[in-house]
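Quick one: structure below, then a few questions.
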Amino acid sequence: MTNITVLQNGRIIDPVSGVDSIGDLWIKDGVTISPEETVPENCQLFDLQGKWVVPGLIDMHVHLREPGEEYKETIESGTKAAAAGGFTAVACMPNTIPVNDCAPVTDFIIKTAQSKGSARVYPVGAISKASQGTGLAEYGEMKAAGVVAVTDDGLPVLDSQLMRRAMEYAGSHDLLVMSHSEEMALSKNGSMNEGVISTRLGLRGIPVAAEAIMVYREIALAELTGQRVHIAHVSTGAAAELIRQAKARGVQVTAETTPHYFTLTEEAVGDYNTNAKMNPPLRTEEDRQAIRKGLQDGTFDAIATDHAPHSVLEKELEFDQAANGIIGLETSLPLALGLVRDGVIDAVRLVELMSVAPARILKVKGGTLAVGSIADVTVIDPDKEFVFTKESILSKGKNSPFLDWKLQGKAVLTFVGGRITHSEL
């Protein structure tokens with residue numbers, strides 16, 4: 001039995017190789033190979049007419065909750081959801097219990113992913129010990145164990161001197177610093193965007209300035225140190241404009257946004273819907289349009305999910321008491337395909353945002369289908385329609401503002417190293 005897989009007649013989109021054409025992709029022993037003249041009789045063959053064949057999607061911002069909160073999500077359940085969403089790799093945030101601030105926790109995550117995972121898992125370490133914002137964690141030790149970046153995630157580094165040192169220290173280890181940009185003095189106790197709707201609902205608001213001020217600081221520190229910084233989950237037009245200007249000056253800044261910020265506005269909070277509560281919060285229609293513009297003009301490098309599963313224990317509470325965060329791995333691709341249908345971006349740009357750039361920024365495998373590259377491949381049916389229901393969700397978390405939405409476009413086949421991790425064919 002030959003171990004060759006042939007994907008025939010698909011639209012192959014590989015921005016790195018400059019390919020966007022109908023063709024065949026051959027896989028052997030976990031890597032892509034040059035197509036031969038005749039297809040072997042006993043190979044694994046898929047006719048993918050009408051479907052897209054793209055480098056495996058990479059999500060650079062997820063919460064897998066393990067170790068410590070396995071009732072919300074596990075590495076096994078989270079990567080199954082990832083594979084179903086077309087993701088071949090995810091970078092998981094360090095806010096586990098215990099915090100991933102040392103080699104043993106990093107090692108545990110990697111080994112668990114190797115034995116139970118349906119996607120590659122790249123751990124992200126903490127910037128500070130226990131993410132408490134005082135002393136720096138041991139970056140060299142964590143890098144040796146396998147982390148690809150550092151962040152304190154939902155706990156922004158308030159001490160600017162510590163953040164400066166983090167950038168310098170991370171730079172010496174070739175590690176990316178990811179910033180959750182939030183000025184806590186402005187956002188404290190807030191639970192949604194500050195504005196007319198928060199006033200009407202009687203909820204304490206989080207102003208746009210809470211994000212913009214910290215984004216400005218991170219850019220200033222990146223400029224000061226000459227190091228790179230990545231701005232996570234940007235939600236506002238003000239922050240997008242700061243990033244746009246910084247890039248024009250040559251600052252080493254990259255940025256991501258998420259599907260909820262280019263799809264929804266603060267209106268989704270409705271009558272206290274906690275599935276529309278996240279941090280940073282959903283903003284105005286003006287911000288939503290600014291985020292879409294940033295995806296179009298290159299201000300944003302990547303689309304990430306900030307996949308944040310919670311149980312009903314954390315979500316079925318009064319709005320201001322409920323946990324922040326929504327799941328996103330299984331809805332990210334169809335929502336991003338909406339941008340293509342709306343003419344905001346084209347298919348090639350989508351692949352850049354969801355595969356090429358995340359691989360480049362994190363300096364990990366993937367992002368191309370070139371001959372000899374690792375066979376992390378996503379097959380997308382851009383026309384497949386489905387209703388996103390609680391029953392269909394593979395993640396342990398069901399906390400999504402997109403429940404019961406009719407969505408279009410789906411990953412129907414996912415390969416990690418040539419191995420099928422999800423199939424709907």
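Which residue is surrounded by the fewest Cβ atoms within 10 Å (Cβ to Cβ), if the candidates are limited to the stretch 58-83 and must be acidic (Asp, Glu) and closer than 22 Å to VAL312 by Cβ? So that I can check it myself, show each step before the final result.
Pass one, the stretch 58-83, residues acidic (Asp, Glu): 59, 66, 69-70, 73, 76.
Filter once more, so that each one left must be closer than 22 Å to VAL312 by Cβ: 66, 69-70, 73, 76.
Working: GLU66: 22, GLU69: 19, GLU70: 15, GLU73: 27, GLU76: 18.
The selected residue is GLU70.
Quick one: in the stretch 357-407, which of the residues that are within 30 Å of THR32 (Cβ to Cβ), basic (Lys, Arg) and not in a strand (DSSP E or B) is modelled with the lowest pLDDT?
LYS365
I need a count of the residues in the stretch 174-192 that are buried (at least 16 other Cβ atoms within 10 Å of the Cβ) and over 22 Å from the mean Cα position of the chain (by Cα).
Adding up the residues that qualify gives 5.
For the condition crowded, with 19+ Cβ neighbours inside 10 Å, in contact with a strand residue (DSSP E or B) (Cβ under 9 Å, 6 or more places away or on another chain) and within 27 Å of GLU330 (Cβ to Cβ), what is the one hit in GLY146, GLY117?
Working: GLY146 fails: crowded, with 19+ Cβ neighbours inside 10 Å.
Within the list GLY146, GLY117, the selection yields GLY117.
Inside the stretch 241-300, can you point out the residues that are over 24 Å from ASN324 (Cβ atoms), of a type in the set (Asp, Glu) and surrounded by fewer than 16 Cβ atoms within 10 Å (Cβ to Cβ)? Give the derivation first.
Start the filter on the stretch 241-300 by keeping residues that are over 24 Å from ASN324 (Cβ atoms), which leaves 241, 244-253, 293, 296-299.
Of the ones still in play, those that are also of a type in the set (Asp, Glu) are 241, 297.
Once the filter is applied, which keeps residues that are over 24 Å from ASN324 (Cβ atoms), of a type in the set (Asp, Glu) and surrounded by fewer than 16 Cβ atoms within 10 Å (Cβ to Cβ), the stretch 241-300 yields only ASP297.
Another one. All but one of (1) more than 30 Å from GLU314 (Cα to Cα); (2) assigned to a loop (DSSP other than H, G, I, E, B) hold for ASN9; which doesn't?
The single condition ASN9 does not satisfy is (2).
Select, from ALA209, ALA248, ALA185, ALA220, the only residue that is in contact (Cβ under 8 Å) with a residue 12 or more places away in the chain and of a type in the set (Gly, Ala, Ser).
On the way: ALA248 fails: in contact (Cβ under 8 Å) with a residue 12 or more places away in the chain; ALA185 fails: in contact (Cβ under 8 Å) with a residue 12 or more places away in the chain; ALA220 fails: in contact (Cβ under 8 Å) with a residue 12 or more places away in the chain.
Result: ALA209 is the single residue among ALA209, ALA248, ALA185, ALA220 that is in contact (Cβ under 8 Å) with a residue 12 or more places away in the chain and of a type in the set (Gly, Ala, Ser).
Give me the residue from the stretch 55-107 that is outside any helix (DSSP H, G or I), of a type in the set (A, V, I, L, M, F, W, C) and over 17 Å from the mean Cα position of the chain (by Cα) and, out of that set, nearest to ALA232 (Cα to Cα).
Filtering the stretch 55-107 down to residues outside any helix (DSSP H, G or I) leaves 55-74, 85-102.
Of the ones still in play, those that are also of a type in the set (A, V, I, L, M, F, W, C) are 57-58, 60, 62, 64, 87, 89-93, 97, 99, 102.
Keeping just the survivors that are over 17 Å from the mean Cα position of the chain (by Cα) gives 97, 99, 102.
Working: ILE97: 21, VAL99: 19, CYS102: 22 Å.
Selected residue: VAL99.
From the list VAL312, VAL344, exactly one residue is in contact with a helix residue (DSSP H, G or I) (Cβ under 8 Å, 6 or more places away or on another chain) and aliphatic (A, V, I, L, M). Which is it?
Values: VAL312 fails: in contact with a helix residue (DSSP H, G or I) (Cβ under 8 Å, 6 or more places away or on another chain).
Only one candidate qualifies: VAL344.
Going by the conditions given, is HIS233 at positive phi and of a type outside the set (A, V, I, L, M)?
Working: at positive phi: yes; of a type outside the set (A, V, I, L, M): yes.
Against the criterion (at positive phi and of a type outside the set (A, V, I, L, M)), HIS233 qualifies.
The values are calculated or read from the model by the stated rules, or taken from the named source; none is laboratory data. Here the structure is a predicted model, which means the values were calculated and not measured. Reconstructed Cβ throughout: ideal geometry from the backbone, glycine too, with neighbour counts over all protein chains shown.
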